[in-house]
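One structure is given below, encoded as structure tokens.
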Amino acid sequence: MSDRQTTYDLVVVGGGIAGVMTALLARRRHPGIDILLLDRSVLGLGATAYSAFLDLPFGHTEAIRSLTARSRAIYRALRDSVPDLPIIDVDMVGVCARDRIEPACERLTDSDARRRWTSCTGADDVTIPGAPHGFAVPPGHAVLENLRATRCTGGLVEALVGALEADTLAAGARTDLVEGAEVVRLSSDGGACRLDLHDGRHVRGARVALCLGPWLPSALGRLTGARADTRVKKVASLLLPSEPPAGAPVVYLFEHEAFLMPQPERRRWLFSFRSEAWDVAPDAAALWLSADDLARATAILRQHFPRGFAAPLGARVFCDAYTPTRDPVIAQVPDLPGAVIVGGAGGSGVRLAPAMAEQGLERLGL
């Protein structure tokens, strides 16, 4: 990008998990193309940095279940070709009120799950080996075992960027990774897309993928004048100071859309729960755990830790873009046929990013 205007075969705007995955899959599909991946800050620093990095085998809609299954296949292939990819398999169990088992099963990608529920008829009737200390299955609930999830132990974006750079070197091609460059305008330019940067530089892309994460609603209108049918919601979790035992499973609480994920490398459990704070701005300095968030999380934990639980070590709070249906957005930008939107992951960016990136590239003809 030494010239004031440079042309690339593909420009990816946004260096989170979706953007990095889009660049990597494009490189592997078309080894010889020139790619620019740029971010207004630092690669992986936005919503991706706050993610729980957990892949769960279910989805609220058929589209999300399909994206989940496809993403799992892509991650498996990446694990074969990127030996240091920090993704591991973990056991998972589900906890659900007995009268809500059928709706829960409909969301699972595992079609055999209906046969594996164990009902709890009284206190301490069903236990979950490896669950956090003090965890109990409430009466009237059931436990689903023998599910599998995957989680990241840290450094996922860094590992994917390393694979992108290695593939670029092997192909003798060009991938420019540019941080601290904000796109201020996107427009049509002689059959390509022109991107004006904040510092006066211009680049052209034969194709452009907008992977904007929680900045999608605000940035799309500013860049193109188009509107995205998305809202930004807070995503929150508590960090619980209890060391997970070896082989501890992820415990998913279906009726609360919450989960407890073991992080043995950090000697803690991460408790992710559903915040109801909508239309927040993606500003890390202004996002924190509110009294309402804490009350919501505490009510869930008290239901499952009847003897009490240790005070949290802290919290992780950020946000993401959600669509009304909760299905992601993979669509052409109006009046810019060479540009697509890849976003609206609804807090599941890491889980859905590979399949979203793949579909975005297909929309671009790559």
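The values are calculated or read from the model by the stated rules, or taken from the named source; none is laboratory data. These numbers come from a predicted model, not from an experiment. No Cβ is skipped: glycine too gets one built from the backbone with ideal geometry, and neighbour counts run over all protein chains shown. Just so you know, the surface numbers come from the protein's heavy atoms only, side chains and all, with ligands and any DNA or RNA stripped out. Shrake-Rupley method; radii C 1.70, N 1.55, O 1.52, S 1.80 Å.
Structure data summary
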{"item": "Segment 315-366 - residue that is modelled with pLDDT under 95 and in a helix (DSSP H, G or I) and, of those, nearest to Thr230 (Cα to Cα)", "result": "Gly349"}
{"item": "Failed condition for Ile87, given (1) touching a Cys at 6+ places or on another chain (Cβ under 8 Å); (2) within 24 Å of Glu255 (Cα to Cα)", "result": "(2)"}
{"item": "Of residues in segment 301-314 being surrounded by fewer than 17 Cβ atoms within 10 Å (Cβ to Cβ) and within 23 Å of Tyr50 (Cα to Cα), the one modelled with the lowest pLDDT", "result": "Ala310"}
{"item": "Verdict on Thr6 being among the hydroxyl-bearing types (Ser, Thr, Tyr) and surrounded by fewer than 23 Cβ atoms within 10 Å (Cβ to Cβ)", "result": "yes"}
{"item": "Unmet requirement for Val126, which otherwise passes all of (1) assigned to a loop (DSSP other than H, G, I, E, B); (2) at pLDDT below 90; (3) in contact with a helix residue (DSSP H, G or I) (Cβ under 8 Å, 6 or more places away or on another chain)", "result": "(3)"}
{"item": "Within segment 329-348, considering residues that are open to solvent by 20 Å² or more (accessible area, probe 1.4 Å) and within 12 Å of the chain's Cα centre (by Cα), the one farthest from Leu216 (Cα to Cα)", "result": "Ser348"}
{"item": "Segment 156-199: number of residues that are touching a helix residue (DSSP H, G or I) at 6+ places or on another chain (Cβ under 9 Å), of a type in the set (A, V, I, L, M, F, W, C) and over 25 Å from Leu45 (Cα atoms)", "result": "2"}
{"item": "Positions within segment 195-228 being touching a residue at least 12 places away in the same chain (Cβ under 8 Å) and of a type in the set (Lys, Arg), in sequence order", "result": "Arg201, Arg204, Arg207, Arg222"}
{"item": "Tally of residues being open to solvent by less than 30 Å² (accessible area, probe 1.4 Å) and either in contact with a Phe, Trp or Tyr (Cβ under 7 Å, 6 or more places away or on another chain) or not in a helix (DSSP H, G or I) (or both) across segment 141-167", "result": "10"}
{"item": "Residues of segment 50-94 that turn out to be outside any helix (DSSP H, G or I) and either of a type outside the set (S, T, N, Q) or over 18 Å from Gly155 (Cα atoms) (or both), as a count", "result": "23"}
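Quick grid of which residues meet (1) in contact with a Phe, Trp or Tyr (Cβ under 6 Å, 6 or more places away or on another chain); (2) open to solvent by less than 10 Å² (accessible area, probe 1.4 Å); (3) in contact (Cβ under 8 Å) with a residue 60 or more places away in the chain:
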| position | (1), (2), (3) |
| --- | --- |
| Ala18 | no, no, yes |
| Leu24 | no, yes, yes |
| Arg29 | no, no, yes |
| Leu43 | no, no, yes |
| Ala47 | yes, no, yes |
| Thr61 | no, no, yes |
| Tyr75 | no, no, yes |
| Pro86 | no, no, yes |
| Val90 | no, no, yes |
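For (1) of a type in the set (Lys, Arg); (2) farther than 25 Å from Cys96 by Cα; (3) touching a residue at least 40 places away in the same chain (Cβ under 8 Å); (4) open to solvent by less than 10 Å² (accessible area, probe 1.4 Å), each residue gets a yes or a no:
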position	(1), (2), (3), (4)
Val235	no, no, yes, no
Ser242	no, no, yes, no
Phe254	no, no, yes, yes
Trp269	no, no, yes, yes
Ser272	no, no, yes, no
Ala277	no, no, yes, no
Ala281	no, yes, yes, no
Leu287	no, yes, yes, no
Ala291	no, yes, no, no
